[in-house]
Amino acid sequence: LDSFQCLKPVFKVNDTTIRVEAEILQNLGLPRKSLRFFFNLPTSASYTKSDNDNKVRVFDKVYDVPTEQGNYHAKLTTEWQDKPLEDDFDGNSLTALIKVVNEYYSHYLEIVKTENGYCLKIKNKTTKGIIPSTNILLYGVPGCGKSFYVEKNYESKVQEGFTIRVVFHPDYTYSDFVGQLMPVLKEVKNAQDVKEEKLQYDFVPGPFTRILQLAEIHKDQQCLLIIEELNRGNAPAIFGEIFQLLDRNDDGTSKYAIYNREISKELYDNEQQEKPNEPIKLPPNLTIVATMNTSDQNVFTMDTAFQRRWQMKHIPNRFTGESLDEKTINHVAKHLPNSEISWGVFAQTINKKMHTANLGFGGTEDKSLGVYFATDNDLDDAERFAEKVLKYLWDDAFKLGRKELFNDCSQGLSAVIEAYEDAKGDPLKAVLVPEVYNEMQKKMAEMAAEQAQTAEEKTSEEEAAKSAAEDNPAQEPAGEE
């Protein structure tokens with residue numbers, strides 16, 4: 001559980017106390033006794049006093065706090081008075097408490113000063129339901145902005161620490177996704193009752209099991225599993241029987257359960273009750289978002305039965321339109337290295353040529369240049385642009401029709417890249433067929449004319465409004481007599 005930012009090494013002592021491990025205190029530079037008991041929990045009293053009247057803990061509310069086991073919930077004090085703020089090493093040090101909270105619970109808890117002392121509060125707000133609890137599959141051409149869409153519309157709305165991201169690839173397996181038995185060193189007692197470290201095999205949870213743990217522990221928090229490049233791995237094989245869970249009810253829970261002993265043990269086992277055969281379902285506070293390129297180069301295809309369990313959403317490859325944000329507008333308008341042609345005009349012209357030319361294969365839309373296929377840094381450097389964009393067009397998009405785009409194909413790609421990098425004038429003119437380059441120039445001229453006309457119309461409207469204001473001045477309010 002070390003990968004859980006919200007679950008840190010504290011352990012249960014009894015029903016009323018959470019105790020901090022001595023090693024944790026040492027790692028923080030604190031004496032072993034500086035925080036003997038992390039949280040003391042009274043059974044009936046509304047508050048307790050220590051022998052020193054200057055230290056008072058007031059218990060107003062009950063909160064759930066994760067522990068090392070992952071499924072034990074403890075109560076927290078809401079008020080912790082300490083005057084003066086000095087370490088006395090008797091188990092009541094506020095300074096030590098602050099250090100532990102800041103180191104291990106900083107995203108979950110906070111200590112704030114109140115008129116009564118210091119208050120320990122839950123930091124996170126409830127986020128359950130802030131995004132729909134469903135399975136969403138975003139698809140589009142490479143570079144169209146799928147990951148940006150995920151970040152803007154899903155990841156940014158979930159509290160930090162409640163998102164797990166994974167990338168599928170051809171060698172990714174069910175065991176990688178769910179978990180697997182792996183060798184770990186564990187401290188055990190030998191025949192002489194002496195502790196020693198031995199190599200044992202334990203189940204190590206994968207991303208899917210870990211996100212279920214988070215959702216199970218934090219029922220009031222929306223949890224998010226992001227799967228990048230879903231179809232670059234064999235998705236149906238990676239999901240295995242989890243495939244059954246993707247059918248969901250309206251509240252986001254799975255319609256059907258599966259039985260997986262290892263996952264059940266990770267989710268439900270604790271000291272009081274073992275539930276190794278508890279059925280597994282996706283909880284109502286878990287969202288799964290996946291991305292997929294529609295390129296023909298992808299390694300695996302997905303059958304209809306698998307795809308229908310996802311809410312499909314196409315991410316359009318837009319270079320123009322009112323829906324573009326400022327970042328995309330500036331990116332599209334950026335000129336290519338040493339060229340008078342903008343990235344937006346270049347990509348749209350190439351995509352149009354790709355779709356109209358007979359390149360000897362279908363599905364040319366999958367080969368299109370995405371709006372973010374080239375980054376701002378690629379557009380600032382001629383070598384980077386040539387090696388990334390021109391190489392892609394030569395090796396892939398126009399592989400069966402290079403003469404439709406490049407004016408000299410006789411000496412190979414290296415000659416095209418050298419001609420682009422060494423060109424005296426516009427490098428695009430040096431490597432593209434005149435028809436394509438002239439179309440780009442024409443498009444740039446049309447855009448410049450449209451912008452000039454828009455600016456002129458705006459100026460005319462402003463002048464007309466100014467003239468109307470001068471002809472009909474607003475009346476001054478009458479002064480008092």
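Rule-based calculations on the coordinates, nothing more; no lab input. Just so you know, these numbers come straight off a predicted model, no measurement behind them. Note: ideal-geometry Cβ built from the backbone for every residue, glycine included; neighbour counts use all protein chains shown.
Observations on the structure shown:
- Footprinting exposure proxy for PHE319, PHE306, PHE385 (fewest neighbouring C-beta atoms within 10 Å first): PHE306, PHE319, PHE385
- Note on segment 184-319: lysine pairs with Cα distance below 22 Å, sequence gap of 8 or more or different chains, count 13.
- As a proxy for reagent exposure, CYS223, CYS144, CYS409 were ordered by neighbouring Cβ count within 10 angstrom, fewest first; the result is CYS409, CYS144, CYS223.
- Hydrodynamic radius by Kirkwood, which averages 1/r over all alpha carbon pairs of segment 135-314, in angstrom: 17.8 Å
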